[in-house]
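Visitor: This structure is in structure tokens; I'll ask about it shortly.
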Amino acid sequence: MKPTTRGTLAAVLTGVAAATGAAAAAPAVAADTVPIPVPLNGVEQSLGLRTPSIAGQLPLPLPGRVDGPRYVEGRMLPERIVPQVPLSGGLPGADVRTPLPRLLGEGAEHLGLTAPAAGLRTRTPGVSLDSPLGAPDPHRFGLPGLKTPQAAVLAPLLETVPVANLEMGAGT
């Protein structure tokens with residue numbers, strides 16, 4: 001086999017191996033939340049009483065696409081000189097279940113609270129400025145005209161819909 005054929009074959013095999021490795025790693029990276037269990041089994045065994053079960057989810061924040069400055073005709077400075085940065089992620093979730101003594105009567109053996117991780121979209125505040133100088137004026141020998149300076153703060157954004165479920169019932 002010629003050296004060029006061997007080099008080409010090695011490059012193709014390396015590319016296939018890299019693509020296979022990336023495909024295998026993709027599901028682990030694509031997770032939206034990280035589960036956080038709270039182990040209380042040792043307390044239950046050492047003290048001899050029923051303990052609550054606690055688990056949580058911690059969402060991973062993901063940056064979005066930044067809409068950078070836009071140049072507009074007639075303005076000295078671009079719009080959105082300090083752009084807004086979007087982030088998406090979520091609020092942390094929780095799942096808590098605790099056993100209850102039969103103080104509340106038959107059928108009330110546990111109290112549970114489930115609050116799944118909720119989606120969260122945010123956008124940082126931004127700034128848009130315009131200088132007091134206008135466009136060059138041909139009637140004034142190319143000198144810019146004066147105008148009122150402008151400044152604007154772009155409002156931040158926070159969108160989420162949290163959900164929680166509180167229950168009491170039989171079973172543990």
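Visitor: For the range 56-141, report the convex hull volume of the alpha-carbon atoms normalised per residue, in Å³, without decimals.
Guide: Numbers: hull volume 10.5 nm³, N = 86.
So the per-residue hull volume is 122 Å³.
Visitor: Can you tell me which of 52-60, 36-44 comes out highest on packing, and rank the rest after it, using the mean Cβ neighbours within 10 Å? Intermediate values should be presented prior to the final figure.
Guide: Details: 52-60: 16.2, 36-44: 11.3.
My ranking of the peptides, most packed first, is 52-60, 36-44.
Visitor: Still on this model: Fewest Cβ neighbours within 10 Å first, please rank Val34, Val161, Val85 accordingly. If you can, show how the numbers build up before the last one.
Guide: Values: Val34 12, Val161 8, Val85 15.
Going from least to most buried by this count: Val161, Val34, Val85.
Visitor: Further question: Which value, in debye to the nearest 20, describes the size of the charge dipole of the range 63-160 about its Cα centre when Lys and Arg Cβ atoms bear +1, Asp and Glu Cβ atoms bear -1, and nothing else is charged? Don't skip to the answer; put the middle values down first.
Guide: Values: 10 positive and 9 negative charges, 57 e Å.
Dipole of the range 63-160, to the nearest 20 debye: 280 debye.
Visitor: First select every other residue whose beta carbon is under 13 angstrom from the beta carbon of Gly134; then total the charges, Lys and Arg +1, Asp and Glu -1. Walk me through the numbers before you get to the answer.
Guide: Numbers: positive: Arg75, Arg140, Lys147; negative: Glu73, Asp130, Asp137.
That works out to 0.
Visitor: How far apart, in nm, are two points set 7 Å out from the Cα along the Cα-to-Cβ line at Leu146 and at Leu60?
Guide: Placing both labels 7 Å beyond Cα along the Cβ direction yields 5.6 nm.
Visitor: I need the phi-derived Karplus couplings for the range 48-60: 6.51 cos²θ - 1.76 cosθ + 1.60, θ = phi - 60°, integer Hz, Gly and Pro marked x.
Guide: Listing the rounded values in order: x, 10, 6, 10, x, 9, 10, 9, x, 10, 10, x, 9 Hz.
Any read-out appearing in this document is the output of simple, stated calculations on the displayed coordinates, not a laboratory observation. Just so it is clear, the model here is predicted, and its values are computed rather than measured. Reconstructed Cβ throughout: ideal geometry from the backbone, glycine too, with neighbour counts over all protein chains shown.
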